[in-house]
Amino acid sequence: MTVQDDVEAYLTTFERTAEREKWPKEEWAGLLAPYLAGDAQKAYFDLELKDAQDYDKLKGEILTRLGVTDTVRAHRFHQWSYRPGQAPRTQMFDFIHLARKWLRPETRSSAEIVETIVLNQFQRGLPQEVRRWIGQNEVLSADHLVGLVERYCTARTAEQAQEERFPFPRHGRTTRQGKAVPTYRGGREQRGAMRKESESGRDTKGKNGNRDWVSRGSPPPNPYYLLQL
């Protein structure tokens with residue numbers, strides 16, 4: 001193996017050679033190990049001795065280390081597009097190869113393949129924010145995926161109920177765009193506004209020594225209130 005090799009193609013070639021030569025599968029990991037290079041070799045040395053001797057676990061660790069996961073394979077499959085100027089037959093075989101690497105019909109049952117396709121399409125149909133949250137978890141089955149979506153919906157419903165209960169922005173909160181929002185809890189800003197309004201209402205005194213409330217179009221206040229001023 002070299003650093004420039006396609007790891008999946010290299011492992012597939014090794015497996016076909018091992019099957020043709022009828023090597024015992026329990027010896028595959030030991031036969032493969034001396035030929036690994038780069039990150040694939042690091043993956044082998046980072047495994048526990050028992051796991052390093054298990055070919056399936058070694059293969060899984062190598063592919064994971066190199067970022068080759070079911071999600072990546074599914075993305076490659078859906079991103080495929082026809083390329084004008086290239087042989088159609090070659091492109092068909094390439095597309096089939098992408099599908100087989102994603103669905104792995106050699107090791108999966110028909111029910112597992114159907115579930116893989118359904119899970120992928122279900123996630124692709126979710127709203128972007130839900131899909132992004134689901135992507136932070138490893139989806140194991142249809143029930144697991146449904147449980148994750150239900151958990152998100154429950155949390156979102158609770159958040160909306162909280163916003164309806166407290167419709168005004170809270171102190172220190174920001175909008176989704178990162179902008180600060182004003183405070184409506186009777187804090188310093190509100191007290192300052194009330195003080196300015198009170199000061200602006202103090203008119204000059206009239207002839208009778210009382211405030212000229214008539215000029216403001218308002219009835220005279222309680223005299224006890226004037227004494228407090």
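Roughly how many percent of the accessible protein surface of region 24-65 is carbon and sulfur, given a 1.4 Å probe and a whole-percent answer?
On the way: 1310 of 2640 Å².
Taking all protein chains in place, region 24-65 shows 49 percent carbon and sulfur surface.
Which sequence of V72, V7, V114 reflects their accessible areas, 1.4 Å probe, from the largest down? Don't skip to the end; give the middle numbers.
On the way: V72 45, V7 25, V114 85 Å².
Most to least solvent-accessible, the answer reads V114, V72, V7.
What do you get for Rg/Rh of region 1-84 when both radii come from the Cα atoms and Rh is the Kirkwood radius? Intermediate results must be reported in sequence, preceding the final value.
On the way: Rg = 14.2 Å, Rh = 13.8 Å.
Reported Rg/Rh (Cα atoms, Kirkwood Rh): 1.03.
Probe of 1.4 angstrom, ligands and nucleic acids ignored: what's the accessible area per residue over region 79-125, in square angstrom? Mind showing how you got there, number by number?
Details: 3510 Å² over 47 residues.
Accessible area per residue: 75 Å².
So, with a 1.4 angstrom probe, what is the percent of accessible area on region 66-137 that is carbon and sulfur? Don't skip to the answer; put the middle values down first.
Working: 2890 of 5110 Å².
About 56 percent, which is the carbon plus sulfur part of the accessible surface.
So with the 1.4 Å probe, I'd like the accessible area per residue for region 9-51, rounded to whole Å². Write out the running numbers ahead of the final one.
Working: 3060 Å² over 43 residues.
Per-residue value: 71 Å².
Run through region 87-140 and list the GluC sites (Glu not before Pro) located in a DSSP loop whose Cβ has at most 15 other Cβ atoms within 10 Å.
The qualifying sites are E106, E138.
The values are calculated or read from the model by the stated rules, or taken from the named source; none is laboratory data. Note that the structure is a prediction, hence the values are computed from the model and not measured. Note that we place each Cβ from the backbone using ideal geometry, even for glycine, and neighbour counts take in every protein chain shown. To get the accessible areas, we keep the full protein, side chains included, count just its heavy atoms, and leave off ligands, DNA and RNA. Shrake-Rupley method; radii C 1.70, N 1.55, O 1.52, S 1.80 Å.
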